[in-house]
Structures are given as C-alpha cells and as structure tokens.
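Quick notes on the structure that follows.
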Amino acid sequence: MLDKIKAIFKNEKTFPCIVFDGKKMSYPHLSQKQIDEINNDPKYKEWKVILKKEE
C-alpha cells in the first residue's frame, strides 16, 4: 500500500519539447511515456514532437 502511495508522488523525468499539432506549437515538458503516446497513437498522427536541445 505504501508503495502505491509513493508511486503517485514520484516525479517522472520530463524533457523540454516542441509539440506541433498541425495548427499551433506548444512548449511543454513531457515524460517519455507521453512522448511515446504522441508518436505511436493514431489519434495524434498529425502531431510532431521535437526534443529541445539543452544548451
């Protein structure tokens, strides 16, 4: 039970990204799971995710 509670508050590593949905750009910080979902889910077929390079 304690592990489940800890998992809720565990911070996932996020990456700064540029997301283009065909109409507008946004600059969210996405987890790898979210990036994979956008790249693989057919409902996001028009979307592009580009990882921003760290300077």
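The table below lists the values:
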quantity	calculated
Point-charge dipole on Cβ atoms (K/R +1, D/E -1) for the chain, about Cα centre, debye to 20	100
Accessible area per residue, Å², the chain with all protein chains present, probe 1.4 Å	94
Among (1) 13.1; (2) 12.7; (3) 11.0, the entry that matches Kirkwood radius over Cα pairs in Å as calculated here	(2)
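The values are calculated or read from the model by the stated rules, or taken from the named source; none is laboratory data. Because the structure is a prediction, the values reported are computed rather than measured. FYI the Cβ positions are ideal-geometry reconstructions off the backbone, even for glycines, and counts take in every protein chain you see. We work out accessible area using only protein heavy atoms, side chains counted, and drop any ligands, DNA or RNA first. Shrake-Rupley method; radii C 1.70, N 1.55, O 1.52, S 1.80 Å.
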